[in-house]
1. Does residue 367 satisfy the condition of being closer than 24 Å to residue 167 by Cβ, at pLDDT below 90 and crowded, with 17+ Cβ neighbours inside 10 Å?
2. Can you find a residue in segment 328-346 that is farther than 16 Å from residue 276 by Cβ, in the same structural domain as residue 273 (by TED's automatic domain parsing) and buried (at least 17 other Cβ atoms within 10 Å of the Cβ)?
3. Taking the options 148, 158, 142, name whichever one is free of Cβ contacts under 8 Å to residues at least 40 places away in the same chain and farther than 30 Å from residue 70 by Cβ.
4. Can you give me the number of residues within segment 347-364 that are surrounded by fewer than 17 Cβ atoms within 10 Å (Cβ to Cβ) and assigned to a loop (DSSP other than H, G, I, E, B)?
5. What pairs come up if the first residue lies in segment 269-280 and is free of Cβ contacts under 8 Å to residues at least 24 places away in the same chain and on the phi < 0 side of the Ramachandran plot, the second is assigned to a loop (DSSP other than H, G, I, E, B) and surrounded by 15 or more Cβ atoms within 10 Å (Cβ to Cβ), and their beta carbons are under 9 Å apart, counting only those six or more places apart or on different chains?
6. Restricting to segment 378-392, name every residue that is surrounded by fewer than 17 Cβ atoms within 10 Å (Cβ to Cβ) and over 24 Å from residue 177 (Cβ atoms).
7. Of the residues that sit in segment 299-325 and are under 37 Å from the mean Cα position of the chain (by Cα) and assigned to a loop (DSSP other than H, G, I, E, B), which one is surrounded by the fewest Cβ atoms within 10 Å (Cβ to Cβ)?
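The values are calculated or read from the model by the stated rules, or taken from the named source; none is laboratory data. Everything numeric in this text was worked out from a predicted model, so none of it was measured. Positions of Cβ are backbone-derived with ideal geometry, glycine not excepted, and every protein chain shown enters the neighbour counts.
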């Protein structure tokens with residue numbers, strides 16, 4: 001469009017006097033990409049470039065010449081409330097001689113919808129006399145959208161960070177509770193073992209000491225007895241030795257049982273797979289349950305000692321959970337390898353429970369199993385419904401085999 005398109009028609013009743021300051025300014029800014037218009041002291045448009053007319057929804061600049069620009073395009077705020085001209089920063093540019101730069105307001109198009117703008121208003125002066133103002137504006141809709149998207153992304157990120165922080169705090173609290181519970185369990189186990197040693201082994205050793213003292217005293221008196229009394233004493237000593245032998249056997253059994261509670265010897269002598277089957281048989285005998293046992297592992301497969309002990313302890317806790325809560329009659333155990341992972345499945349036909357019960361903060365047994373499984377690089381899966389029993393599955397990646 002030629003520069004003349006910016007200029008008012010001389011025959012128009014609203015046309016300004018030729019040769020004024022805005023004639024030359026309009027010629028210079030006719031091809032500018034930003035919207036630019038000038039107003040006189042009454043707020044009427046004296047020139048506007050094609051880009052400005054297009055942004056405001058007009059086909060040609062001539063349609064805007066002589067129009068009050070505030071009433072035409074700046075009459076209301078973004079919320080639709082009227083915008084008094086007395087508060088308009090554009091008019092303050094020539095009323096008070098104050099330039100401004102605003103990016104928080106809107107202009108209104110000819111067809112109605114408003115659009116966010118960034119505009120600058122500068123007074124035009126001829127010496128001390130103010131002639132009007134020049135306004136430069138751009139449509140910042142895309143910038144506002146980008147800012148809003150950035151704000152939403154920031155808000156979502158902050159929300160996710162807060163949620164993650166809450167999760168971490170919850171997890172930390174659960175770990176602390178689990179550590180305290182584990183320490184309490186260990187202390188109870190130490191107390192139980194100490195009590196068994198004191199009550200059973202201690203009493204056996206005291207009885208043996210008394211029998212030895214009795215035998216020593218009787219043997220020292222033996223030469224002073226008659227032959228008949230000596231024969232009788234020998235019989236009594238033989239009975240005492242037999243009783244001491246039984247006490248020693250009981251002590252050996254108790255020591256073996258305590259050692260097995262601390263660390264099953266079968267785990268060291270026969271390996272993890274035999275230890276798992278032995279533990280399952282011991283459990284179902286004491287709990288009076290039917291056992292369905294299935295084990296299929298490659299011949300020669302062994303786990304590192306620490307991993308084997310962790311798997312064994314998780315298996316013990318699975319059985320303990322069945323014994324405490326399930327009220328089942330049948331136990332199904334399946335041990336096999338799939339997809340380079342060891343899978344240990346323990347299912348019962350008991351009363352079951354809602355899944356929320358296994359996620360509770362005080363479900364220390366489940367928490368302990370999950371932590372052991374996570375330490376092994378694996379996972380613990382649980383399926384349960386009230387009235388349908390429960391299933392626990394341990395999945396642990398297998399080490400590379402030679």
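1. Numbers: closer than 24 Å to residue 167 by Cβ: yes; at pLDDT below 90: yes; crowded, with 17+ Cβ neighbours inside 10 Å: yes.
Judged against the criteria, residue 367 is a match.
2. yes
3. Working: 148 fails: farther than 30 Å from residue 70 by Cβ; 142 fails: farther than 30 Å from residue 70 by Cβ.
Exactly one residue qualifies, and that residue is 158.
4. If we filter segment 347-364 for residues that are surrounded by fewer than 17 Cβ atoms within 10 Å (Cβ to Cβ), which is where we start, we get 351, 354-357, 359-362.
Going one step further and asking which of them are assigned to a loop (DSSP other than H, G, I, E, B), we end up with 351, 354, 359-362.
Of the residues in segment 347-364, 6 are surrounded by fewer than 17 Cβ atoms within 10 Å (Cβ to Cβ) and assigned to a loop (DSSP other than H, G, I, E, B).
5. 278/264
6. Step one: filter segment 378-392 for residues surrounded by fewer than 17 Cβ atoms within 10 Å (Cβ to Cβ), giving 379, 381, 383, 385-388.
Hits for segment 378-392 are 383, 385, 386, 387, 388.
7. Filtering segment 299-325 down to residues under 37 Å from the mean Cα position of the chain (by Cα) leaves 301-325.
Keeping just the survivors that are assigned to a loop (DSSP other than H, G, I, E, B) gives 301-304.
Numbers: 301: 14, 302: 13, 303: 19, 304: 10.
The qualifying residue surrounded by the fewest Cβ atoms within 10 Å (Cβ to Cβ) is 304.
So that you can scan it fast, the table gives a plain yes or no per residue for (1) touching a helix residue (DSSP H, G or I) at 6+ places or on another chain (Cβ under 8 Å); (2) at pLDDT below 90; (3) in the same structural domain as residue 210 (by TED's automatic domain parsing); (4) assigned to a helix (DSSP H, G or I):
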| site | (1), (2), (3), (4) |
| --- | --- |
| 236 | yes, yes, yes, yes |
| 239 | no, yes, yes, yes |
| 244 | yes, yes, yes, yes |
| 249 | no, yes, yes, yes |
| 253 | no, yes, yes, yes |
| 277 | no, no, no, yes |
| 281 | no, no, no, yes |
| 284 | no, no, no, yes |
